[in-house]
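Please treat every number below as a calculation from the coordinates, not as lab data. Please read all numbers here as calculations on a predicted model, not as lab measurements. Neighbour counts are summed over all protein chains in view; Cβ atoms, including those assigned to glycine, are modelled from backbone coordinates with ideal geometry.
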Amino acid sequence: FTIAQQKDFIMSKVMEKHRLSFTQVIEYSTEKIEVIYNFLAILELLQLQMIRLNLGEGYNNFWIEGQEKELVK
């Protein structure tokens with residue numbers, strides 16, 4: 001796994017579904033290391049302002065959404 005691969009994976013799922021929960025990201029993962037790389041990819045996408053997070057209550061309860069400018073591409 002690479003962070004670049006996981007960034008592409010997450011962006012493709014966000015563009016497909018428009019909203020992706022972190023638990024869905026975990027469900028797509030086959031190995032624990034993949035979950036770690038996915039989380040790091042999410043952090044990098046946030047830093048690049050390609051996605052935004054909406055927080056819910058509780059543990060691991062957040063949704064990943066694309067920024068409007070990214071969804072238009």
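Overview of values
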read-out: DSSP-loop GluC sites (Glu not before Pro) across the stretch 16-68, with at most 11 other Cβ within 10 angstrom; value: Glu31, Glu57
read-out: Spin-label model distance (nm) - Leu43 vs Leu55, 7 Å beyond Cα toward Cβ; value: 1.6
read-out: Mean separation of Cα contacts under 8 Å (6+ apart) over length of the chain, as relative contact order %; value: 38
read-out: Top of Ile42, Ile51, Ile33 by mean-square fluctuation, Gaussian network on the chain, Cα under 10 Å; value: Ile33
read-out: Identified option (computed Rg and Dmax of the Cα atoms in Å; candidates (1) 11.4, 33; (2) 15.7, 56; (3) 13.3, 42); value: (1)
read-out: Computed helical MRE - 222 nm, the chain, DSSP H runs ≥ 4 contributing -39500 (n - 2.57), nearest 500; value: -17500 deg cm²/dmol
